[in-house]
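The values are calculated or read from the model by the stated rules, or taken from the named source; none is laboratory data. In this text, all values refer to a predicted model and were calculated from it rather than measured experimentally. Note that each Cβ is placed from the backbone with ideal geometry, even for glycine, and that neighbours are counted across all protein chains shown. Quick note on the areas: whole protein, heavy atoms, side chains included, nothing else; ligands and nucleic acids left out. Shrake-Rupley method; radii C 1.70, N 1.55, O 1.52, S 1.80 Å.
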Amino acid sequence: MELTPEELDKNQALAFHYSKILELLGEDPNREGLLKTPERMAKSMQFLTKGYTQDPAKILASALFKEDYRQMVIVKDIDFYSLCEHHLIPFFGKAHIAYIPNGTITGLSKIPRVVDVFARRLQVQERMTTQIKDCIQKTLNPLGVMVVLEAQHLCMQMRGVEKQHSITTTSDFTGVFNQAKTREEFINLIKS
Ligand SMILES: [Zn+2]
């Protein structure tokens, strides 16, 4: 991964602080196995939070097409990996997204990219759900959009706070998905 000069500066600062953190944890950052760890952590953390420098609305808007299709468009089982903002520990799972176009559709590959941009920021699952919904609603102006996220939170699993394999589900919707019948159709389609 090539870093820009700005990212390199940030990388050095992050690596410096990660080295201090290792020390505070009781480690010796100068021992062989850890020599490059602060730099690796800095790089990987910049990658895992690169959603801050990306504009998801721009990604969607880069592939808009006029189309008269007014049925449900579903993209399901989109893998995502994010970091919980309370512990900086991963939560990950699948996103399922449906929208009903109102004269405009987007390239199907853009939807997972929007999920990615929001996932690569410090998040809570609830807010991420709403942000994806809002972005699609504002950019595509569909008759309705619905977002369902299912995720495992390692901050619960690793720290033994909750049942080990519990899945957290969140959903949010607009427009025609206010009708229970429309939501059911989507839920049935993502289950099959
Ligand atoms: Zn957490």
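Carbon-plus-sulfur fraction of the accessible area of the chain, 1.4 Å probe, in percent?
Accessible surface attributable to carbon and sulfur in the chain totals 54 percent.
Note on the chain: with a GNM built from Cα contacts shorter than 10 Å, the maximum mean-square fluctuation among Asp134, Asp116, Asp55 falls on Asp55. Once the C-beta distance of Ser166 and Thr130 is scaled by a Förster radius of 25 Å, the resulting FRET efficiency is 0.70 to the nearest 0.05. Only Cα pairs under 8 Å and 6+ residues apart enter the sum, and on that basis the relative contact order of segment 58-114 stands at 49 percent. Think of a 1.4 Å ball rolled over the protein heavy atoms: the chain then has 59 Å² of accessible area per residue. Can you flag which of Lys66/Lys94; Lys110/Lys181; Lys10/Lys36; Lys43/Lys94 are past 21 Å Cα-Cα? The pairs that break the limit, which is 21 Å between Cα atoms, are Lys66/Lys94; Lys110/Lys181; Lys43/Lys94.
Kirkwood radius and radius of gyration were both taken over the C-alpha atoms of the chain, and their ratio Rg/Rh is 1.07. In the elastic network of the chain, a GNM with C-alpha springs shorter than 10 Å, the most mobile of Lys110, Lys66, Lys133 is Lys66. Nearest 0.05, what FRET efficiency do Ile74 and Lys50 give at R0 = 30 Å with Cβ-Cβ as r? Computed FRET efficiency for Ile74 and Lys50 comes out at 0.65. Net charge in the neighbourhood of Leu149 (other residues with Cβ under 10 Å of its Cβ; Lys, Arg +1, Asp, Glu -1) is -2.
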